[in-house]
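The structure appears below as structure tokens.
Computed from the coordinates by the stated procedures, all read-outs in this text should not be read as laboratory data. As the structure is a prediction and not an experimental result, all values here were calculated from the model. Here the Cβ positions follow ideal geometry from the backbone for every residue, glycine too, while neighbour counts run over all protein chains shown.
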Amino acid sequence: MRELGFTAKQNELMRLFKQDRLKRLNILQGSVRSGKTWISLILWAFWVASRPKDYLYMMCAKSLQTLKRNCLFPLQELIGEKHFTFSLSTKEGVLFGRKIMLEGANDARSEGKIRGITLGGAYCDELTLFPKDFFTMLLSRLSAPGAKLLATTNPDVPTHWLKKEYLDNKKLVDDLLSVFFSIDDNTTLPADYVESLKKEYTGVFYDRFILGKWVVAQGAIYKVFSDDPSSYNVSAAELPHLDQINVGLDFGGNESAHALVACGITQDYRRLFALRSEHIPAAGMTPQGLYKRVYDFCADIMQRYGIVPTLYGDSAEQTLIAGLRLALKPLGIIVKNALKREINDRIRATTMLMAGGRFNLISEECGSLIDAFQGAVWDDKVIGAEVRLDDGTSDIDTLDAFEYSFERYIPRLVRLEQ
Ligand SMILES: Nc1ncnc2c1ncn2[C@@H]1O[C@H](COP(=O)(O)OP(=O)(O)OP(=O)(O)O)[C@@H](O)[C@H]1O
Ligand SMILES: [Mg+2]
């Protein structure tokens, strides 16, 4: 095992463990990068090692892949392969000789899998992302004597089930320990990294992920942009060398429009540039007419920048995608399905790039994108979740197209890791 140095906050939690003051449910909540997952893994390992060998334990995250990335590899690195091994194919691990089941909470079969078993302990990473039913089932299975839950999470909307039914539930005070971690508690991070993180999060994302508050999203989504749109302007002559250009295409239905946005990315994935956007009313447009518009748009980009773009289209429209593949073949353009990440992940990435001074656009070419940023608001009628208002009053098509053009590269563009 390597030498472990805890932050003051992490020490506080380890003290509670040593004094046997953990409760049945133990939830570490608060800011991003505040050291929750890191200490939770150590605490979990120590705790499991102190528990009976013949109990069954479980570790879960939203998906098995996120569990592996966020918890299983880090746990192995922290305590060594001698003490923790795992296999994703058998969905099992062994931690200090205890059997650990591994599950992804969003896998529809998982809930059925855990029905009926008796657990001695459970570990959950990023708990707000779990379906409530999975969590309820998990708790009902924690029935071995002394069984405990250890979980980490960032805050979400104040009406989230975890907040309302557990964290704020007065009946659970004897059973639930909640420990708050602030980003400033993680004294292992370099100060300039923390400063840049604080700058990149804006609006509701700042309140949640930096301050660690359970708050609703209200008003303008891209306030950081609409406060000073002209500061994002860049001229074609000022552009640095672009490594790649991607075009996002959202197909319009009866009510909406087709939308195209071309974005360039620099080789170091530090900067994103919107180069051109186009909004094409869907009414009266034939597939052939649309292919022609897309062809012209892409040909123009190629002529100006000397780069063959890749096109990402809304995967819901496979017929149009197939037609486009043929239509764009002469230009050598590859047409792919848009990845369609969670919308809020795309929004968070966009606002982070904006606030970090890493997003710019060519204003005179991107009128529809500028309008779309300025018109986008959070829907205040949806309770319990965050939703971008999509009632025809704002141009969601253009925002989708913009996001399709770069969402594949979000992990590289928004590097939370140092
Ligand atoms: N005591 C420590 N010693 C060394 N590194 C640490 C320590 N605590 C945390 N870290 C490092 O700090 C970074 C953030 O920690 P961690 O991933 O636990 O944060 P988190 O609160 O789970 O964040 P998020 O909400 O983003 O998941 C990680 O790179 C982690 O390895
Ligand atoms: Mg974490």
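Are there trypsin sites (Lys or Arg not before Pro) in region 322-418 that DSSP puts in a loop and that have at most 16 other Cβ atoms within 10 Å, and which ones? Present the calculation step by step, with values, prior to reporting the outcome.
Values: sites: 325, 336, 340, 341, 346, 348, 358, 381, 388, 408, 412, 415; in loops: 340, 341, 358, 381, 415.
In loop regions of region 322-418 (DSSP not H, G, I, E or B), the sparsely surrounded trypsin sites (Lys or Arg not before Pro) are 340, 341, 381, 415.
For region 74-89, take each phi angle, set θ = phi - 60°, evaluate the Karplus expression 6.51 cos²θ - 1.76 cosθ + 1.60, and give the result in whole Hz per residue in order, putting x for glycine and proline.
Values, residue by residue: x, 5, 5, 5, 5, 10, x, 5, 5, 9, 9, 10, 8, 9, 6, 6 Hz.
In degrees, nearest 10, range 0 to 90: what is the angle between the Cα axis of helix 132-141 and the longest Cα principal axis of the chain?
20 degrees
For the chain, what ratio Rg/Rh do Cα atoms give with a Kirkwood hydrodynamic radius? Please report the intermediate quantities before stating the final value.
Values: Rg = 24.1 Å, Rh = 23.5 Å.
Result for the chain is an Rg/Rh of 1.02.
Would you grab the residues whose amide H sits under 5 Å from the one on residue 178? Only those 5+ places off in sequence or on another chain, please, with H modelled 1.01 Å from N.
Amide H neighbours of residue 178: 27.
Run through the DSSP bridge list for the chain and note the antiparallel percent, rounded to the nearest 5.
The antiparallel fraction comes to roughly 40 percent.
Given region 272-362, report the % of alpha carbon pairs whose separation exceeds 16 Å.
Considering region 272-362, 64 percent of its Cα-Cα pairs are separated by more than 16 Å.
As I understand it, the value is the acute angle between the Cα axis of helix 287-305 and the longest principal axis of the Cα atoms of the chain; what does it come to in degrees, rounded to 10?
90 degrees
Is the C-alpha gyration tensor of region 8-202 telling us rounded, prolate or oblate? Criteria: a/c under 1.5 is rounded; beyond that, a/b larger than b/c is prolate, otherwise oblate.
Details: a/c = 1.40, a/b = 1.25, b/c = 1.13.
It comes out rounded by the Cα gyration axes.
Only bridges with both residues in region 8-202 count here: give the DSSP antiparallel percent, nearest 5.
Of all bridge pairs located within region 8-202, approximately 25 percent are antiparallel.
Report, in listed order, any pair from 132/381; 36/113; 148/198; 62/171 with a Cα-Cα distance greater than 32 Å.
In this structure, 148/198 lie more than 32 Å apart at Cα.
Between region 128-144 and region 303-317, how many Å separate their Cα centres?
What the calculation gives is 43 Å, centre to centre.
Could you tell me what fraction of 2.2 N^0.38 Å the Cα radius of gyration of region 302-418 comes to, as a two-decimal ratio?
Against the compact-globule rule of thumb, the ratio is 1.18.
Taking Cα centroids, how far is region 208-239 from region 398-413 in Å?
Region 208-239 and region 398-413 have Cα centres separated by 16 Å.
Test of understanding: ordering 153, 310, 66, 188 by Cβ neighbours within 10 Å, fewest first, what list do you get?
Taking fewest neighbouring Cβ atoms as first place, the list is 188, 310, 66, 153.
For residue 322 and residue 215, what is the calculated FRET efficiency with R₀ set at 56 Å and r taken between the beta-carbons, to the nearest 0.05? Please report the intermediate quantities before stating the final value.
Details: r = 44 Å, r/R0 = 0.78.
Here the calculated transfer efficiency is 0.80.
Using a basic spin-label model with each label point 7 Å from the Cα along Cα→Cβ, how many nm lie between residue 408 and residue 175?
Roughly 4.8 nm, to one decimal.
Work out the FRET efficiency for residue 331 and residue 390 from their Cβ-Cβ distance, taking R0 = 41 Å, and round it to the nearest 0.05.
Details: r = 32 Å, r/R0 = 0.78.
My answer for the efficiency is 0.80.
Can you tell me the 0 to 90 degree angle between the C-alpha axis of helix 318-328 and the longest principal axis of the chain, rounded to 10?
Computed tilt is about 50 degrees.
Please work out the Cα convex hull volume for region 335-395 and give it in Å³ per residue.
In region 335-395, the Cα hull volume divided by residue count equals 135 Å³.
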